[in-house]
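*Asks:* This is the structure I have questions about; it appears just below.
The values are calculated or read from the model by the stated rules, or taken from the named source; none is laboratory data. Here the structure is a predicted model, which is why all the values come from computation and not from measurement. Cβ placement follows ideal geometry from the backbone for every residue including glycine, while neighbour counts extend to all protein chains displayed.
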Ligand SMILES: Cc1cc2nc3c(=O)[nH]c(=O)nc-3n(C[C@H](O)[C@H](O)[C@H](O)COP(=O)(O)O)c2cc1C
Ligand code: SF4
């Protein structure tokens, strides 16, 4: 049996209007925020999108292309298609995608009220300032942004008609550039979505009020695109099939929209979820399980003949195959999964699904630290994503195998070992504990964070399959490390107890609460007797960042009465915003949209700008920013304060002094997150060159030397 027959439906072609997609796996519209400052297509745009096409996605949807940069750029580095001089760049992008057999499909999007550029006089359907609890669109905003001048105004009729012309002109430019179709962004609270939505559209003219009036903007644009590009030019519409707000689009309304769009000439429907007020549903953090959006496709599909595309948190080939096989949708879509592993379709087709690096829905790399932070796209588990150096690295085998000691078997160490091996080096991992995984391991205990284990397991399988030497329960000595050519310090972070008066010994280290007890796990060290420290009912979580947020989720779900004491102004301000949005709802004994977890027994109390002042036998005194001291009684205190691990600092210093470069990565530099650990581990292996393995005076590895300097330095 040919291997692809295991998933026969995923690899069937699909007609979308006048074009044919070669399989049923769509790359969903994704704004990768990598374009040139003037909005023209960059080399990085081409590298990212063409890699996903190469991986076998049949349609590549280039997200967030603005038809009118003067009134609304989607991200500050999104593609602009409001001038003809953007056509050559678009044409190069189209060719780079089509080279791999995929259809190239820009998504036309006006951000409307969620506009990062321009800053003032922002256009929307109406002038009401909508409260966005976490952002004003594609950017992290200062506190109370509304009061500080985020001015939103209702569009005039002329401006609406101008937009119809501008969107259709943008589509024409895409067609002129050789793109195969366009997609209209009518989801997530952006401009077109704000017209469709009965919740957002409060206009009282012909573009608001009745269903027909709310459809008018979108239908006029489809019509005008067909006028300019011909009726054959496919127009896909992506809209939110459920907005999760009272009075917003719900399943019933989404059915009416689907029928109206088909009648209005749409070639396919791509169903999404949410507006910005309900980001849980839109950007599915880890808590959302595979298939949760399927209900919307099942409702809409029987009513239309055009293809229905469904996405959100779809990760496993079996599930995706079943969606098509059971006729629930015509095509499945990936956004983040393709960033985490662009080769998902090829791996499935070639019968290697276990090699897929699944997206863990963490939103740190692709969302928090790229799009929201005005930076190029990235992925926490895929260091290649959005980094031109890594796209070239694949070709770089080392001229000689170097002996590398990697101290620490967490994500940074494992990723460094993986890339080093792929480049032809010989790494050895030294791991103090009896299991590889580092800080990720505790995540198995945190409800909603189980996906972290996907990545831990993927890495552990790769380490095994690549035959990388691992010395478990082994802390290296100076003599051992001196046998290597270069040493990586990936020893991570450890918890500590900040300065406090009284019974410091009552404070429990975070590591004792998060000792993963998953005995059923394939990698669980047999007979290790590892146990989690049991805590009393009333617990103080002392500290912040991911450790504290995870502990809240763990202890809250376990029925503990939790008080968080953080010295930050706002709890969780360094944790990914949409995860914090969900967690805050849980802390208040509720849940985010479409989630139905059992409420915590107690609401979680948070004392911000505060710290522990004195610890007594039962009573704990807490001091706030105004130096007020309050006392509460608790059973246990857990510290979530972490600092880089310096246990081997002396040895590393001596190794370095002996002329063997020691490079530090990940939390061993400072506690951050998975994204930083993976990127720095992989970057270390990218930089390794056996011809000149030296550090510069700033302690950074020199990855490349000009030929004359090489000679001058005696290499
Ligand atoms: C970095 C990033 C950029 C996105 N850009 C767009 C976009 O331009 N247009 C759009 O319709 N949706 C956009 N989305 C939403 C995704 O298309 C998708 O609906 C969502 O991520 C859930 O699907 P997934 O689990 O396959 O990622 C974006 C999501 C992310 C994470
Ligand atoms: S950063 Fe996280 S959510 Fe985004 S693509 Fe990578 S693994 Fe998925």
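*Asks:* All but one of (1) touching a helix residue (DSSP H, G or I) at 6+ places or on another chain (Cβ under 7 Å); (2) touching a residue at least 60 places away in the same chain (Cβ under 8 Å); (3) under 14 Å from residue 7 (Cα atoms) hold for residue 353; which doesn't?
*Replies:* Tallying (1) touching a helix residue (DSSP H, G or I) at 6+ places or on another chain (Cβ under 7 Å); (2) touching a residue at least 60 places away in the same chain (Cβ under 8 Å); (3) under 14 Å from residue 7 (Cα atoms), residue 353 fails exactly one: (2).
Per-residue answers, yes or no, for (1) over 25 Å from residue 330 (Cα atoms); (2) more than 16 Å from ligand 1 (Cβ to nearest atom); (3) out of contact with any strand residue (DSSP E or B) (no Cβ under 8 Å at 6 or more places or on another chain); (4) modelled with pLDDT of 95 or more:
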{"residue": "211", "(1), (2), (3), (4)": "yes, yes, yes, yes"}
{"residue": "215", "(1), (2), (3), (4)": "no, yes, yes, yes"}
{"residue": "218", "(1), (2), (3), (4)": "no, no, no, yes"}
{"residue": "234", "(1), (2), (3), (4)": "no, yes, no, yes"}
{"residue": "242", "(1), (2), (3), (4)": "no, no, yes, yes"}
{"residue": "247", "(1), (2), (3), (4)": "yes, yes, yes, yes"}
{"residue": "266", "(1), (2), (3), (4)": "no, no, no, yes"}
{"residue": "283", "(1), (2), (3), (4)": "no, no, yes, no"}
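*Asks:* In region 1-14, what residues are modelled with pLDDT under 95 and either in a helix (DSSP H, G or I) or touching a strand residue (DSSP E or B) at 6+ places or on another chain (Cβ under 6 Å) (or both)?
*Replies:* Listed by number, the residues that qualify are 3, 4, 5, 6.
*Asks:* Please indicate, with yes or no, whether at least one residue in region 637-651 is crowded, with 19+ Cβ neighbours inside 10 Å, part of a loop (DSSP other than H, G, I, E, B) and over 28 Å from the mean Cα position of the chain (by Cα).
*Replies:* yes
*Asks:* Tell me which residues, restricted to region 272-318, are assigned to a helix (DSSP H, G or I) and within 15 Å of ligand 2 (Cβ to nearest atom).
*Replies:* If the condition is that a residue be assigned to a helix (DSSP H, G or I) and within 15 Å of ligand 2 (Cβ to nearest atom), then 279, 280, 282, 283 are the ones that fit.
*Asks:* Answer yes or no as to whether residue 139 is modelled with pLDDT of 80 or more, surrounded by fewer than 19 Cβ atoms within 10 Å (Cβ to Cβ) and touching a helix residue (DSSP H, G or I) at 6+ places or on another chain (Cβ under 9 Å).
*Replies:* Answer is no for this residue.
*Asks:* Also, quick follow-up: Please specify each residue of region 331-356 satisfying the condition of being in a loop (DSSP other than H, G, I, E, B) and either within 14 Å of ligand 1 (Cβ to nearest atom) or more than 18 Å from residue 49 (Cα to Cα) (or both).
*Replies:* Once the filter is applied, which keeps residues that are in a loop (DSSP other than H, G, I, E, B) and either within 14 Å of ligand 1 (Cβ to nearest atom) or more than 18 Å from residue 49 (Cα to Cα) (or both), region 331-356 yields 335, 341, 342, 350, 351, 352, 356.
*Asks:* Only one of these is within 16 Å of ligand 1 (Cβ to nearest atom) and under 26 Å from residue 385 (Cβ atoms): 63, 89, 72. Name it.
*Replies:* Numbers: 89 fails: within 16 Å of ligand 1 (Cβ to nearest atom); 72 fails: under 26 Å from residue 385 (Cβ atoms).
Only one candidate qualifies: 63.
*Asks:* Can I ask one more? Counting only residues that are surrounded by fewer than 24 Cβ atoms within 10 Å (Cβ to Cβ) and modelled with pLDDT under 90, which one in region 369-388 is farthest from ligand 2 (Cβ to nearest atom)?
*Replies:* 374
*Asks:* Quick check: is even one residue across region 377-387 farther than 25 Å from residue 436 by Cα and away from ligand 1 (no atom under 16 Å from the Cβ)?
*Replies:* The answer is no; no qualifying residue exists.
*Asks:* Could you run through region 497-534 and say how many residues are surrounded by 16 or more Cβ atoms within 10 Å (Cβ to Cβ) and farther than 18 Å from residue 473 by Cα?
*Replies:* Matching residues across region 497-534 total 10.
*Asks:* When you scan region 391-405, do you find a residue that is within 12 Å of ligand 2 (Cβ to nearest atom) and either within 24 Å of residue 454 (Cα to Cα) or touching a residue at least 40 places away in the same chain (Cβ under 8 Å) (or both), even just one? Can you show your working first?
*Replies:* To start, the set of residues in region 391-405 that are within 12 Å of ligand 2 (Cβ to nearest atom) comprises none.
No.
*Asks:* Six or more apart or on different chains, Cβ under 7 Å: which pairs go from a residue in region 264-288 that's farther than 19 Å from residue 314 by Cβ to one that's near ligand 1 (Cβ under 8 Å from one of its atoms)? Could you list them?
*Replies:* 275/188; 276/188
*Asks:* Another question, then. Within region 15-129, considering only strands (runs of 3 or more DSSP E) that don't extend past its boundaries, which have at least 2 residues that are within 16 Å of ligand 2 (Cβ to nearest atom)?
*Replies:* 25-30, 59-65
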